[in-house]
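Nothing in this text is a laboratory measurement; each read-out follows from the coordinates by a stated rule. Worth saying up front: this structure is predicted, and the values here are computed from it rather than measured. Cβ placement follows ideal geometry from the backbone for every residue including glycine, while neighbour counts extend to all protein chains displayed.
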Amino acid sequence: MAEARDSNTTDAYHTGRGYGRPPATSDEELVRVGPGTLGGELLRRYWQPFALAEEATANPKHVKILDELLVLYRDGDGNAGLLYPRCMHRGTDLIYGKVEQTGIRCCYHGCLFNEEGHCLEIPTEKNERLRDRVRQPWYPVVEKFGLLFTYMGPPDVQPEFPTFSIEEDLGANERLVSYRSDAGPNGPHPKIAAASDYNWWQMYDNWMDPFHVCVLHFSINGPQFSPNLGVIPDVRFEETEDGVISIQKRRLPDGTVQQRVSQVIVPNMNCTAGVTDEELGPAGIGWTVPRDDTSYTMFGLARVDPDNPPPSNNIPMLKDGWGPEHQKPFAEWSLDDHQTWQTDYVAQKGQGDISLHSEEHLMAGDKGTALSRRFFRKQAEVVANGGNPVGAGPGVVRHVRILAGNALLDPDTGERIAGFAART
């Protein structure tokens, strides 16, 4: 009887019906980020942004990164601390601690810890040697560019803090601006979600997907960014020493060739060119940082000239011809609005909390996505086998070089006319 059922199930599946489809699964090696997971251990070998510098204050706050809940605070000496939240004495959450000049004091019995977890004082104990026998778990913090970074991997292979090409050769009026977003580039809407509430790879896959721009952001219901992005580009994908790039070329109506280069850098960085015609230049740099397996936060750095600010990336996403009654902030949109005017958020969240990769049918246009997944997995396997992934390791000073940006090219020679062309 069981054999007959199996045969019927197989036959039904091959008719294209939903009945009998095989169980769907996620790519566990990609999506899991906790300690001991293949992907989580790779992410822990690099410095990761986890908060804006201004978020560290005398009021402790919970932060979650790589499926670990931690407590962030800033003491009276200005040091930012990132500690495991349960006090090593009796387990009270340090979110209720009192921040003092040199550290944070547990509210229960008064244990005082500094930013490296050293116990400075136990007021209820006369034996001072007890202080040296206990330590609150902690992670190092580097404050730079208005962001807070931490390293959560093995101490013996900790790299030096990296350098970035975006901080080089700043113009006379240029400055670096940092940002964080819990909502992805175009969402979410509070009526259908409360955060970037799905697996980080659903966002990260997007950076090497130039073809969705032509559909999701153009042909489905009109241009959401520059109309030029509606032109289906000729695309070449290439592996670099530390990731993957896509080189997109669009022939514009005036005959000029628009080149748009996007980049992903292992383990979770991206450099994505601007989406308006005026943005000719190098891309900024961003991080898609998992909070846990089903949520993430985005951090980024951009070069800004206050005298010549870039066009706003806060695209209103309003369909041409909509009347005044529809001119409302994105945060106020209903589900009906999102079904009429789709964005990255609904396309990514629509895959579920964690996408079921066994049901995918990747096509030629997905080569960049496949390459970036393969690159990440390869580096994760290096770590699993006891090695150091690219750009990481004890004492390594990584230089993160941006290759991405927008440029205009001569259609005959391919030479750069304007903009940024690190790759042609």
Computed label-point distance, nm, for sites Ala418 and Ala53 using a 7 Å Cα→Cβ extension:
3.4
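Give the calculated FRET efficiency between Thr256 and Asn221 to the nearest 0.05, with a Förster radius of 22 Å applied to their Cβ-Cβ distance. Spell out each step's value before the answer.
On the way: r = 27 Å, r/R0 = 1.22.
Efficiency, from the Cβ-Cβ distance: 0.25.
Sorted by average packing, counted as other Cβ atoms within 10 angstrom per residue and highest first, what order do 234-246, 33-45, 357-369 take?
Values: 234-246: 18.2, 33-45: 21.0, 357-369: 13.9.
Ranked by mean Cβ neighbours within 10 Å, highest first: 33-45, 234-246, 357-369.
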The chain -> Rg/Rh from Cα coords, Kirkwood Rh, value 1.02
When the charge dipole of the chain is computed with +1 on Lys and Arg Cβ and -1 on Asp and Glu Cβ about the Cα centre, the Cα farthest towards its positive end, among Tyr151, Gly230, Thr369, belongs to Tyr151
Out of the range 88-119, which trypsin sites (Lys or Arg not before Pro) are coil in DSSP terms and have no more than 16 other C-beta atoms within 10 Å?
Arg90
Net charge dipole size for the chain [Lys, Arg +1 and Asp, Glu -1 on Cβ; Debye, nearest 20]:
760
Tell me, what is the FRET efficiency for Ala370 and Asn127 to the nearest 0.05, using R0 = 60 angstrom and their Cβ-Cβ distance as r?
0.50
Residue-count net charge about Ile417 - beta-carbon cut-off 12 Å; Lys, Arg +1, Asp, Glu -1:
-3
Residue separation between Lys98 and Glu28 times 0.36 nm, minus their alpha-carbon distance, gives in nm 21.2 nm
Order by protection proxy (mean Cβ within 10 Å, highest first), peptides 387-393, 118-124, 247-253, 70-76
70-76, 387-393, 247-253, 118-124
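Could you give the size of the charge dipole of the range 51-143 about its Cα centre, using +1 on the Cβ of each K and R and -1 on the Cβ of each D and E, expressed in debye and rounded to the nearest 20?
On the way: 12 positive and 15 negative charges, 93 e Å.
For this selection, approximately 440 debye.
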Once the dipole of the chain is set up from charges on Cβ (+1 Lys and Arg, -1 Asp and Glu), the residue from the list Thr272, Pro253, Leu409 lying farthest towards its positive end is Thr272
Mean Cβ neighbour count within 10 Å, used as a protection proxy, ranking 257-269, 215-227 highest first:
257-269, 215-227
Most fluctuating residue of Gly395, Gly103, Gly386 in a GNM of the chain with Cα springs under 10 Å: which is it?
Gly386
Please state the equivalent ellipsoid semi-axes for the range 51-143: what are the square roots of 5 times the Cα gyration tensor eigenvalues, largest first, in whole Å?
21, 13, 11
Summing -39500 (n - 2.57) over every DSSP H run of at least 4 residues in the chain and dividing by its residue count gives a helix-only mean residue ellipticity at 222 nm, to the nearest 500 deg cm²/dmol, of -4000 deg cm²/dmol
